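Undergrad: My questions all concern the structure below.
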Amino acid sequence: MRRGLDPRAGRALIGGRDPRALFVRYDRDKSGELEFAEFQTALRKGGRVTLNMASDDDLWQWFWAVDGDK
């Protein structure tokens, strides 16, 4: 997933947090893209999305829904 996530859509998903800031923070390898593991960590830790709120399968669906590379 690249940095092209629309911040308005992302804020609703992650409790008002700026998805661009989470992207920069959790792009651990500084590749300019988020792998699923980085995306998952960004949502779980940075966005405080718990397993009760969304399963890992849900996160996969979100990952593919916002992936600008496809």
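Undergrad: Please go through (1) among the hydrophobic types (A, V, I, L, M, F, W, C); (2) at pLDDT 90 or above; (3) open to solvent by less than 50 Å² (accessible area, probe 1.4 Å); (4) part of a loop (DSSP other than H, G, I, E, B) for Val49 and return the number of the only condition it doesn't satisfy.
TA: (2)
Undergrad: Take the residues of the stretch 52-70 that are open to solvent by less than 60 Å² (accessible area, probe 1.4 Å), part of a helix (DSSP H, G or I) and in contact (Cβ under 8 Å) with a residue 40 or more places away in the chain: which is farthest from Arg28 (Cα to Cα)?
TA: Val66
Undergrad: Another question, then. Given the conditions (1) at pLDDT 90 or above; (2) open to solvent by 60 Å² or more (accessible area, probe 1.4 Å), which single one is not true for Gln40?
TA: (2)
The values are calculated or read from the model by the stated rules, or taken from the named source; none is laboratory data. Model, not experiment: these values are computed from the prediction. We place every Cβ from the backbone using ideal geometry, glycine too, and count neighbours over all the protein chains shown. With ligands, DNA and RNA removed, areas are computed over all heavy atoms of the protein, side chains included. Shrake-Rupley method; radii C 1.70, N 1.55, O 1.52, S 1.80 Å.
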